[in-house]
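A short write-up of the structure that comes next.
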Amino acid sequence: MPKYSVVVPFHNEEENVTALYDQLKAVMEQVGDSFELVLVDDGSSDRSYKLLEEIAAVDSRVLVVKLRRNFGQTSALAAGFDHAQGEYILAMDGDLQHDPSEIPGFLEKLEEGVDNAIMRKFPSRCANWLMAKLSGVDIHDFGTTFKAYRREVIHNIPLYGEMHRFIPALASWYGASICEIPIKNVVRERGKSHYGISRTFRVFFDLLTIRFLLKYMSRPLHFFGAFGALSIFFGGTLSIILAGLKLFTHQDVMDQHGPLIVVAGILILAGIQMLAIGLLGELQVRHYHTASHRAPYAIDRLVRLRAPEEPSMLRDE
């Protein structure tokens, strides 16, 4: 079993695959401990997978995970994490915007007993400030993929959607220690960026999700039940007041206070629905803790050279 695993997702990065592999191999060989490179092809339509397969054919330390289609960065990382065997797992992008020479700094932090070390500067300071406040984890860059983890930490974290950027918050919830180290921001020289304004909206909704998960993941009824109980209380109070007016003052409540009757009814019904949602959430939590984990990706094949003494390709299809 290798000591370190470096997980790199690729999507249409044919211009960067070979260069990144050469840099990663040089840096990890200088580190001196055993390592593996888990290179994930996230449904590339260019020559990325072909190049990855050629690399795996000559280096037994390389495992290529080919996904059946483009599942997205989070799912690609999840596939890499699931197949990584190292005691320490480091993740980075495949576009050469993360400098492999920074890796020894991450590994040094991990050796000091810190469970997650991060990151680089990110232009969207407002977004990171908001993420830090909502998640309760005081770090400066949630967006970068360049992170390092202990194996036991990352394997406890379910990944889907755009959740890879919230791994520090989820890891903290599981009891991991979080720290960050400064790294250089390398400008992309080749290839086309996959980031755009459309991703901002997905991140915003994921941010709301992560806030809910961190606070109410194991007790959803506390969230929905509180709103439901308040709604029923105010609706019931309003109904009692209107009933009192009808009984003791003989007012024509329907004519004089018709809108209030409707409001009271809506509040009571909404409260009952919120309580029901909370109970359903509790059932889902129970299901989450008992059901088998489903992967957010589908693998087409795994490619790894068997061993130096047996130079044949291993494929799982």
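The values are calculated or read from the model by the stated rules, or taken from the named source; none is laboratory data. Just so we're clear, the structure is a prediction, and the values are computed from it rather than from any experiment. Quick reminder, even Gly has a Cβ in these numbers, built from the backbone with ideal geometry, and neighbours come from all protein chains shown. Remember, those area values only see protein heavy atoms, side chains included, never the ligands or the DNA or RNA. Shrake-Rupley method; radii C 1.70, N 1.55, O 1.52, S 1.80 Å.
What number of residues in the range 25-43 are buried (at least 23 other Cβ atoms within 10 Å of the Cβ) and not in a strand (DSSP E or B)?
Summing the residues that are buried (at least 23 other Cβ atoms within 10 Å of the Cβ) and not in a strand (DSSP E or B) in the range 25-43 gives 2.
Checking the condition in contact (Cβ under 8 Å) with a residue 24 or more places away in the chain, part of a helix (DSSP H, G or I), hydroxyl-bearing (Ser, Thr, Tyr) and closer than 18 Å to ALA295 by Cβ, which residue from SER5, SER75 passes? Write out each step before concluding.
Values: SER5 fails: part of a helix (DSSP H, G or I).
Matching residue, one of SER5, SER75: SER75.
Applying the selection to the range 17-29, what residues are out of contact with any strand residue (DSSP E or B) (no Cβ under 8 Å at 6 or more places or on another chain) and over 17 Å from ILE89 (Cα atoms)?
Within the range 17-29, THR18, ALA19, ASP22, GLN23, ALA26 meet the criteria.
What are the residues in the range 45-67 that are touching a Lys or Arg at 6+ places or on another chain (Cβ under 9 Å) and outside any helix (DSSP H, G or I), if any?
ASP59, SER60, ARG61, VAL62, LEU63, VAL64, VAL65, LYS66
Quick one: in the range 263-317, which of the residues that are open to solvent by less than 50 Å² (accessible area, probe 1.4 Å) and in a loop (DSSP other than H, G, I, E, B) is modelled with the lowest pLDDT?
Checked the range 263-317; the qualifying residue modelled with the lowest pLDDT is ALA291.
Pick out the one residue from GLY86, GLY105, GLY94, GLY72 that is in contact with a Lys or Arg (Cβ under 7 Å, 6 or more places away or on another chain) and either over 22 Å from ASP300 (Cα atoms) or open to solvent by less than 30 Å² (accessible area, probe 1.4 Å) (or both).
Working: GLY105 fails: in contact with a Lys or Arg (Cβ under 7 Å, 6 or more places away or on another chain); GLY94 fails: in contact with a Lys or Arg (Cβ under 7 Å, 6 or more places away or on another chain); GLY72 fails: in contact with a Lys or Arg (Cβ under 7 Å, 6 or more places away or on another chain).
Result: GLY86 is the single residue among GLY86, GLY105, GLY94, GLY72 that is in contact with a Lys or Arg (Cβ under 7 Å, 6 or more places away or on another chain) and either over 22 Å from ASP300 (Cα atoms) or open to solvent by less than 30 Å² (accessible area, probe 1.4 Å) (or both).
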